[in-house]
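Everything below concerns the one structure shown next.
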Amino acid sequence: MRIAVHAVGEAGRRAALILLAERDLVALGLYGHQGRVADRRTIAIRELTGFDPLVTDDRDAASGLAGIAADDGISCVVTADEVDRDVAERFSAGEQILLLGANLAGIAESLAAHEVARTDVVTETSAAWTASGKPLRRGQAVAFPDPVGARWGEVVSGDHRTAHVRVPIQGEWAGAAATIVGEVDGERVQRVVGVADLGPHLSGIALAAGALVVAEKSIPPGVHHPGDHAEAYLSAALRVGLEVAAYSSSK
């Protein structure tokens, strides 16, 4: 694998460090980087020739960078949840991959999709993730593993049956969680799965996992989110250090 990383924050820098631990990584190109590099496989690059995919945590420049990748005929992984429509259409019509939302929300949605696939009849689903902000005192209750713990969140999309929940939090910890209520073999069940870790590290895992599924062509060409291919994405995330806690109850 020869992966290019454009890092502007801790998520990108952590993702680069995580990817350096991969045996199959031949070279890691630091796109736009100036200065020295510490690892023999790390190269400061100004062009993307010979690298695939381009991976970035630059949300503001996601559309521009994805457009550059499309120009060069390579795939792209971004933490941004969307890019300009014309850029997305170029990937939809081509042979390369654009993975959007390789972030905490992507982990949460993948956890939810994984649990839904294991449930015969699904009646309620929620995917929740933390974001920097003042903690809420009411809203949607969310259970994360310790040390994040139980929190209040706000539903940003969906409804009472299928909710996407943003949970403002302060401090160094972060989390992602999914809750599924339904039936398995005729028995009513509730399952809660989640992850909690230092925020920059968890964000780095989310981005690195996206880089691996795209670099290894584990998903088809086109525009995708992690939850569209939950098994492949979670497998890559577990491989690079994601630890998942689970709780289930039945009635």
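The values are calculated or read from the model by the stated rules, or taken from the named source; none is laboratory data. Quantities reported herein were computed from a predicted structural model and do not represent experimental measurements. Here the Cβ is made from the backbone with ideal geometry for all residues, glycine too, and neighbour counts use every protein chain on show.
Of the residues SER110, SER75, only one is assigned by TED's automatic domain parsing to the domain that holds ALA174 and buried (at least 18 other Cβ atoms within 10 Å of the Cβ); which?
Matching residue, one of SER110, SER75: SER110.
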Notebook entry, point to check: Tally time: how many residues in segment 97-129 are over 15 Å from VAL77 (Cβ atoms) and not in a helix (DSSP H, G or I)?
Noted result: 12
Check: Which pairs have Cβ atoms under 6 Å, sit 6 or more apart or on different chains, and link a residue in segment 224-251 that is among the charged types (D, E, K, R) to one that is modelled with pLDDT under 95?
Finding: LYS251/ARG188
Note to self: It is to be established whether one or more residues within segment 37-51 are of a type in the set (S, T, N, Q), touching a strand residue (DSSP E or B) at 6+ places or on another chain (Cβ under 9 Å), farther than 15 Å from ALA208 by Cβ and surrounded by 13 or more Cβ atoms within 10 Å (Cβ to Cβ).
What the structure shows: no
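Can you pull out the residues in segment 77-96 that are outside any helix (DSSP H, G or I) and under 13 Å from GLY67 (Cα atoms)?
VAL77, VAL78, GLU82, VAL83, ASP84, GLY94, GLN96
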Next item on the list: Read through the list (1) assigned by TED's automatic domain parsing to the domain that holds LEU28; (2) loosely packed, with under 15 Cβ neighbours inside 10 Å, then give the number of the only condition that ARG118 fails.
Entry: (1)
Notebook entry, point to check: Scanning for something polar (S, T, N, Q), at pLDDT below 95 and either over 17 Å from the mean Cα position of the chain (by Cα) or in the same structural domain as LEU99 (by TED's automatic domain parsing) (or both), does segment 202-224 turn up at least one residue?
Noted result: no
Next item on the list: Would you list the strands (runs of 3 or more DSSP E) that sit entirely within segment 161-211 and hold 3 or more residues that are in contact (Cβ under 8 Å) with a residue 60 or more places away in the chain, under 21 Å from SER132 (Cβ atoms) and touching a strand residue (DSSP E or B) at 6+ places or on another chain (Cβ under 8 Å)?
Entry: 173-184
